[in-house]
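The values are calculated or read from the model by the stated rules, or taken from the named source; none is laboratory data. Note that the structure is a prediction, hence the values are computed from the model and not measured. Please note: Cβ atoms are built from the backbone with ideal geometry, for glycine as well, and neighbour counts cover all protein chains shown. Just so you know, the surface numbers come from the protein's heavy atoms only, side chains and all, with ligands and any DNA or RNA stripped out. Shrake-Rupley method; radii C 1.70, N 1.55, O 1.52, S 1.80 Å.
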Amino acid sequence: MPTATVPTAAVPTAAEQPAAERAAERRRGTGRRAARRSGGRYGRLLELGGRGFLPIAFVARLPLAMITVGALTLATAVTGSYAVGGAAAGAVGIGSALGGPLMGHLADRVGQRAVLLVSALAHTVAIGVLLVTAHAGTDPAGPAVPLLVAAALLVGATCPQVGPLARVRWRGLTGGDRQELDTALSYESTADELTFVLGPALVGLLASLLAPWTPFVLAAVLTLTMVSCFAVHPTHRAAPAAPRPRRRAAAAPGPGRDRVLVLLPVLGMVAMGTFFGAVQNALSAFGGEFGAQSAAGLLYAVLGISSAAAALSVAWWPQRFRPAARWVASAGAMAVLSLLFLLPGDIVPMLAVLLLVGLPVGPTMVTIYTIGGDVARPERLGTVMTMLASGVVLGTAVGAALAGLVAETAGHRGAFAAAIGAACAMVLISAALALLRRRDH
């Protein structure tokens, strides 16, 4: 293999280098490949993204992880009603599920930078509207509930979709190298998991120590600063707007089979979200039986930690283990291991079960994002990635509602059965996609 002839410091970052040039370098086996091996697979991401990209993108996605729990906490505090708090949190989720794909579609058409800058400003304004609505009412009974819920919907709809759009950038930055892409998507899933553990923890800490509105002030500051930094980071050049002729071609409906290939990963993410929502509500019911309902969030964090750790391992999985087969295998492991939820009768055994069940969750999410990007048309990549993320949000709301209804009559085991059903549904969806992809080979 040829050795490097150019010092590492003189080599431009992948964010500054055209994808065609990067692909040509791989074919020639130049010193950048040697640098990748010497720096390690995750160290390579620092080189691909350039200075500051990973920390900027990590912090920029925190507002999305904060606003649902933040809306629940704020609405409950100002109205004294858990029902209103739940409605506000649900409105945030619905708004995000509706606004996310629209944001991705616009990013495909005009580029990420403009869309992210506008959404950062709009989201900050929406947070201001929510805070004013929550505290400016003159009625002693509290603010008008419909206005409060509508403001929460607006907050969700305008929240910048940093995670999905970062994944779009990685596809351009890796230039078609499957191993580098798997590493990048593994990191992204881990970053999502960690922020969705850290975000609610920040909300709880600020709301309890200061006031229920302070988490939204922090979210607004992070949105204005870090999302804007993410928007203008040089990596945005790796996801340029589609040229006009390709946009016209994209407007025409594709073959039905292509639409099904995109729909299946989206349905997979809905099933994944349903699993998450059902587990969250089931853990709440489980904790309630021991007088520790408030510990449900901590229990759920255990699932997130093992999921995040397992997601990192995908970077070392063999390339011959194709994504379609990976999805079937990891979804099957989720379905089998989730049966363990029916066994524990105490908190300590449940902790062990959560650690085990979380192991296939991270790889499953990494794989679904990989497949979604593979089957998406290039001019619709942002749209598909945001649809996948929105599928999780929508599914979480469905799973939480379904498990809540079942828990009323069948207790926590009935709620866990809803999670098991969601995992089994994902196995069927993954098998359907594997059969369709097999016909391509």
For this session: Report the residue count in region 38-58 for those that are open to solvent by 40 Å² or more (accessible area, probe 1.4 Å) and in a helix (DSSP H, G or I).
Result: 8
For this session: Mind counting the residues in region 406-441 that are polar (S, T, N, Q) and within 22 Å of the chain's Cα centre (by Cα)?
Result: 1
Exercise. Which of the residues that make up region 359-389 are buried (at least 24 other Cβ atoms within 10 Å of the Cβ) and small (Gly, Ala, Ser)?
Worked result: 362, 372, 382, 389
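Got a sec? Which of 342, 355 is without any contact (Cβ under 8 Å) to a residue 60 or more places away in the chain and open to solvent by 30 Å² or more (accessible area, probe 1.4 Å)?
Numbers: 342 fails: without any contact (Cβ under 8 Å) to a residue 60 or more places away in the chain.
Unique residue meeting the criteria: 355.
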Problem set entry | Odd one out for residue 392, checked against (1) within 22 Å of the chain's Cα centre (by Cα); (2) surrounded by fewer than 24 Cβ atoms within 10 Å (Cβ to Cβ); (3) of a type in the set (A, V, I, L, M) | (2)
Exercise. Does any residue of region 96-105 turn out to be touching a Ser or Thr at 6+ places or on another chain (Cβ under 9 Å) and farther than 30 Å from residue 243 by Cβ?
Worked result: no
Seminar exercise, completed: Of (1) within 23 Å of residue 148 (Cβ to Cβ); (2) modelled with pLDDT under 80; (3) of a type outside the set (Lys, Arg), residue 29 fails just (1)
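Identify the residue in region 63-85 that is of a type outside the set (A, V, I, L, M) and out of contact with any Leu (no Cβ under 7 Å at 6 or more places or on another chain) and, among all such residues, is least open to solvent (accessible area, probe 1.4 Å).
Pass one, region 63-85, residues of a type outside the set (A, V, I, L, M): 63, 68, 70, 73, 76, 79-82, 85.
From what is left, the residues that are out of contact with any Leu (no Cβ under 7 Å at 6 or more places or on another chain) are 68, 70, 73, 76, 79-82.
Values: 68: 56, 70: 2, 73: 45, 76: 28, 79: 36, 80: 67, 81: 33, 82: 187 Å².
Among residues in region 63-85 that are of a type outside the set (A, V, I, L, M) and out of contact with any Leu (no Cβ under 7 Å at 6 or more places or on another chain), the one least open to solvent (accessible area, probe 1.4 Å) is 70.
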Problem set entry | Residues satisfying the stated conditions in region 173-214, i.e. among the β-branched types (Val, Ile, Thr) and farther than 15 Å from residue 323 by Cα | 174, 190, 195, 197, 203, 214
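When you look at residue 344, is it of a type outside the set (Ser, Thr, Tyr) and more than 24 Å from residue 191 (Cα to Cα), yes or no?
Details: of a type outside the set (Ser, Thr, Tyr): yes; more than 24 Å from residue 191 (Cα to Cα): yes.
Criteria met by residue 344.
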Exercise. Can you list the helices (runs of 4 or more DSSP H) found entirely within region 200-282 that contain at least 3 residues being open to solvent by 40 Å² or more (accessible area, probe 1.4 Å), modelled with pLDDT under 85 and not hydroxyl-bearing (Ser, Thr, Tyr)?
Worked result: 244-251
Seminar exercise, completed: Restricting attention to region 315-339, the residues that are at pLDDT below 90 and buried (at least 20 other Cβ atoms within 10 Å of the Cβ) number exactly 1
